[in-house]
Amino acid sequence: MSLNSFIPVAAARRFALPLLLTTALIAPQLASSAAAAPVTIENCGRTLTFEHPPERVVSVGQSSTEILYLLGLADKVAGTAVWLGPVLKGYEAINAKVPRLADNDPSFESVVSRKPQLVTTQFEWQIGPKGVVGTPQQFADLGIPVYTSPADCQGKDNAGAGDGLRTAAFDMGLIYREIDDMARIFDVKDRGDKLIAELKAREEAARKKIAGYGGKVSAVFWFSSSQMKADPYVAGRRGAPAYIMATLGIRNVIETDEEWPTIGWETIARANPTVIVAGKMDRRRYPADDITAKLAFLKSDPVTSLMPAVKADRIVELDAQAMNPTIRTIDGIEALAEAVDKARLSE
Amino acid sequence: MTPALILRRAGAGALALALLILAVAAGAALGETAIPLSTVAATVAQKLWGAATSVDAIDAGIVWNYRIARALMAAACGMALAVSGAVLQSLLRNPLADPYLLGISAGASTGAVSVAVLGLGGGALSLTSGALAGALLAFALVAFLAWRAGRGAASVILAGIAGSQLFNALTSFVVAKAATADQARGILFWLLGNLSGTRWPDVTVAVPAALIGTAVCVAHARALDAFAFGTDSAASLGVPVRRVQVTLVLAAAAMTAVMVGFVGSIGFVGLVVPHVARMFVGVRHGALLPASAVAGAVFMIAADVLSRVVVQGQVLPIGVMTALVGAPIFAVILVHRRIDR
């Protein structure tokens with residue numbers, strides 16, 4: 001007597017669906033390990049198809065580069081550009097071996113001379129319809145596909161001059177999407193899933209840490225200022241800081257839609273944020289880029305020195321990279337949660 | 001002087017003073033956030049006469065250290081630009097002359113951009129001092145060119161155009177070579193004028209600079225009147241032509257350079273305000289220069305107040321405001337003058 005005859009019909013039906021799902025999950029892995037099926041990615045209005053995982057990639061943009069490193073793909077990176085600060089901790093030695101084409105904008109020829117099979121760009125400002133390095137079409141003409149960070153094309157209008165206007169709020173989902181796309185293109189889906197799961201877990205842990213403070217804390221994110229005492233660039237409602245604050249249940253005292261509007265200290269002082277988050281960066285274009293200059297200003301200006309957040313020293317120093325839509329936005333979530341928790345702001 | 005004339009002058013002076021005080025009061029009362037008039041009045045009473053009040057320290061700080069300092073900076077700037085414009089229009093006998101004709105704005109931009117983008121001075125130089133240095137350098141070049149090109153108003157104008165073009169090209173070169181979008185935006189904001197960084201220490205330099213520069217120009221009012229009929233006529237009237245020309249151009253250049261260093265280049269004030277003033281008080285410089293000074297100050301404060309309140313939650317560059325208001329006024333004057341004649 002076979003085993004089958006003992007199983008009632010209803011039970012057989014109950015087993016059928018999970019069995020099917022399992023097959024569906026296993027099937028693509030089998031297929032990819034055989035390196036047969038081409039990978040197709042929808043990216044920023046373009047469809048990219050890869051017969052094989054690329055062997056050489058040039059990444060224009062620090063966050064794009066760091067995502068590749070995190071996925072263990074450093075040996076495939078044939079060149080990098082647009083560096084805003086030091087590479088992610090722990091990747092210094094790996095990064096030192098990778099040719100850096102330019103600290104800032106690389107030239108079109110320096111990118112293509114690396115013979116990349118893929119170019120990734122963090123910002124359309126560099127590679128996009130009006131990119132200073134080139135347009136995706138220029139690269140396509142040479143048979144090089146361009147992958148654009150979804151964080152810079154979804155919910156963002158880059159038609160005007162400059163660094164674009166965010167039309168919808170930034171969401172970490174866009175960064176997870178980029179990680180997933182890269183993992184699929186390079187056929188390392190398991191590493192991608194693991195990385196995304198880790199980042200999500202960190203996000204959730206930080207959120208839980210200060211979950212009890214709901215709605216009681218407000219903040220302002222100060223990136224820099226064009227002149228030391230002039231109206232500062234602060235975070236509006238749609239950038240990465242807004243996502244950080246929304247995740248943690250912290251209210252942004254700035255209510256404009258622009259990503260980095262200039263708002264007067266008058267408005268900020270009267271809005272009385274519980275916490276001031278000040279950007280720390282290696283860039284030295286404006287005197288206010290320097291975190292010590294920022295702190296000195298806050299403590300010496302006739303008005304800001306009177307703000308309760310300054311008097312009680314509730315100033316959080318945060319790496320400016322965490323204030324931009326990157327994988328490091330998670331660092332920002334953790335750092336701010338830590339600071340709020342430490343200051344015991346619930347009391 | 002007849003009693004009637006004294007009375008008229010006193011009346012004009014009182015009117016000018018009242019307008020200025022009214023403008024500064026508006027600058028103190030209006031801003032990005034709403035502060036009640038009573039708080040504004042109490043703050044001023046406390047700071048000026050030591051009156052005991054219970055206003056919030058932050059509100060008081062905003063009114064006194066931000067808004068009033070800013071209004072006085074705007075006044076100094078408007079005064080300096082308008083007086084410089086009036087002097088240059090007469091001296092060069094060109095109704096289109098304005099202080100930036102001397103290459104000062106272009107030079108200041110180059111100086112500021114070099115500091116901001118190239119990191120010239122290694123952080124020791126501020127944007128203000130970089131701009132001032134650039135302005136003086138550009139003016140020196142224009143002055144040298146004009147001097148080598150020979151006498152006459154046309155050579156100054158042509159030298160100014162050449163110098164401005166050169167320095168504008170240098171600015172574009174620096175920006176295109178090194179700046180990212182973020183920087184370019186910050187620099188653009190500064191180029192269009194920005195009063196938001198004004199604090200009292202700046203005011204204590206800018207206001208005396210504007211007053212001294214204006215006084216020097218007013219002291220040469222009669223000589224300027226004589227220039228209306230050309231340098232030869234002026235010389236025949238006993239005016240030391242060369243000395244007066246050099247003194248006045250230097251006064252205008254120095255005043256403008258200081259202002260551009262503090263707040264960036266703000267267009268239209270130096271061009272338009274003297275024409276408006278001429279409509280009201282005529283062409284005699286004894287009246288025209290003081291009238292330009294007051295009108296420039298009031299116009300600039302008004303433009304600054306508008307720039308803060310016209311778009312909710314956002315501050316427009318003041319240069320945008322002066323051009324938006326100034327250009328239509330200029331158009332009206334043009335049309336009216338034609339009808340009058």
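The values are calculated or read from the model by the stated rules, or taken from the named source; none is laboratory data. These numbers come from a predicted model, not from an experiment. Here Cβ is always computed from backbone atoms with ideal geometry, including for glycine, and neighbour counts include all displayed protein chains. For the accessible areas, the whole protein counts, side chains as well, though only heavy atoms, and no ligand, DNA or RNA atoms are used. Shrake-Rupley method; radii C 1.70, N 1.55, O 1.52, S 1.80 Å.
Miscellaneous remarks
Conditions tested, residue by residue: (1) closer than 27 Å to residue B:271 by Cβ; (2) touching a Pro at 6+ places or on another chain (Cβ under 8 Å); (3) not in a helix (DSSP H, G or I).
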| site | (1), (2), (3) |
| --- | --- |
| B:55 | no, no, yes |
| B:69 | yes, no, no |
| B:72 | yes, no, no |
| B:84 | yes, yes, no |
| B:94 | yes, no, yes |
| B:108 | yes, no, no |
| B:115 | no, no, no |
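- In the set (1) more than 18 Å from residue A:114 (Cβ to Cβ); (2) surrounded by fewer than 20 Cβ atoms within 10 Å (Cβ to Cβ), residue A:83 fails one condition alone, (1).
- Checked against the criterion of being β-branched (Val, Ile, Thr) and surrounded by fewer than 17 Cβ atoms within 10 Å (Cβ to Cβ), the range A:136-159 contains not a single residue that satisfies it.
- Top-ranked residue of the range B:32-53 - restricted to ones that are open to solvent by 20 Å² or more (accessible area, probe 1.4 Å), free of Cβ contacts under 8 Å to residues at least 60 places away in the same chain and in a loop (DSSP other than H, G, I, E, B), ranked as nearest to the other protein chains (Cβ to nearest Cβ): B:33
- Enumeration of residues in the range A:283-311 that are within 11 Å of chain B (Cβ to nearest Cβ) and more than 24 Å from residue B:56 (Cβ to Cβ): A:283, A:284, A:285, A:286, A:287, A:288, A:289, A:290, A:293
- Conditions (1) within 14 Å of another protein chain (Cβ to nearest Cβ); (2) over 18 Å from residue B:253 (Cα atoms); (3) crowded, with 22+ Cβ neighbours inside 10 Å; (4) not charged (D, E, K, R); number of the one not met by residue B:131: (2)
- Any hit, the range A:27-39, residues being more than 18 Å from the chain's Cα centre (by Cα) and either modelled with pLDDT of 95 or more or surrounded by 13 or more Cβ atoms within 10 Å (Cβ to Cβ) (or both): yes
- Cross-chain or 6+ apart pairs with Cβ under 6 Å, the range A:122-140 first and of a type outside the set (Lys, Arg), then part of a helix (DSSP H, G or I) and open to solvent by less than 20 Å² (accessible area, probe 1.4 Å): A:122/A:63; A:122/A:64; A:123/A:152; A:124/A:152; A:125/B:181
- The helices (runs of 4 or more DSSP H) falling completely within the range A:243-347 that include 2 or more residues that are buried (at least 23 other Cβ atoms within 10 Å of the Cβ) map to A:265-271, A:329-342.
- The residues on offer are A:129, A:145, A:136, and the sole one that is at pLDDT below 90 and more than 24 Å from residue A:329 (Cβ to Cβ) is A:129.
- Only one of the numbered conditions (1) under 21 Å from residue B:157 (Cβ atoms); (2) part of a helix (DSSP H, G or I) is not met by residue B:286, and that is (1).
- The one condition in (1) more than 12 Å from every other protein chain (Cβ to nearest Cβ); (2) out of contact with any Pro (no Cβ under 8 Å at 6 or more places or on another chain) that residue B:63 fails to fulfil: (1)
- Exactly one residue out of A:100, A:114 is under 21 Å from residue A:283 (Cα atoms), touching a Gly at 6+ places or on another chain (Cβ under 9 Å) and surrounded by fewer than 21 Cβ atoms within 10 Å (Cβ to Cβ), and it is A:100.
- Any hit, the range B:60-69, residues being out of contact with any helix residue (DSSP H, G or I) (no Cβ under 7 Å at 6 or more places or on another chain) and basic (Lys, Arg): no
- Positions within the range B:253-264 being closer than 14 Å to residue B:196 by Cα and open to solvent by 10 Å² or more (accessible area, probe 1.4 Å), in sequence order: B:262
- The listed residues are B:173, B:144, and the only one of them that is away from chain A (no Cβ under 14 Å), farther than 30 Å from residue B:246 by Cα, modelled with pLDDT of 80 or more and surrounded by fewer than 19 Cβ atoms within 10 Å (Cβ to Cβ) turns out to be B:173.
- Matching residues in the range A:132-144 - criterion: being in contact with a Ser or Thr (Cβ under 8 Å, 6 or more places away or on another chain) and more than 14 Å from residue A:113 (Cβ to Cβ): A:136
- The single residue among A:309, A:288 that is within 25 Å of the chain's Cα centre (by Cα) and among the hydrophobic types (A, V, I, L, M, F, W, C) turns out to be A:288.
- The residues in the range A:241-282 that are facing chain B (nearest Cβ under 9 Å) and not small (Gly, Ala, Ser) can be counted, and the count is 13.
- Just one of the listed residues (B:150, B:119) is modelled with pLDDT under 80, more than 11 Å from chain A (Cβ to nearest Cβ) and surrounded by fewer than 22 Cβ atoms within 10 Å (Cβ to Cβ), namely B:150.
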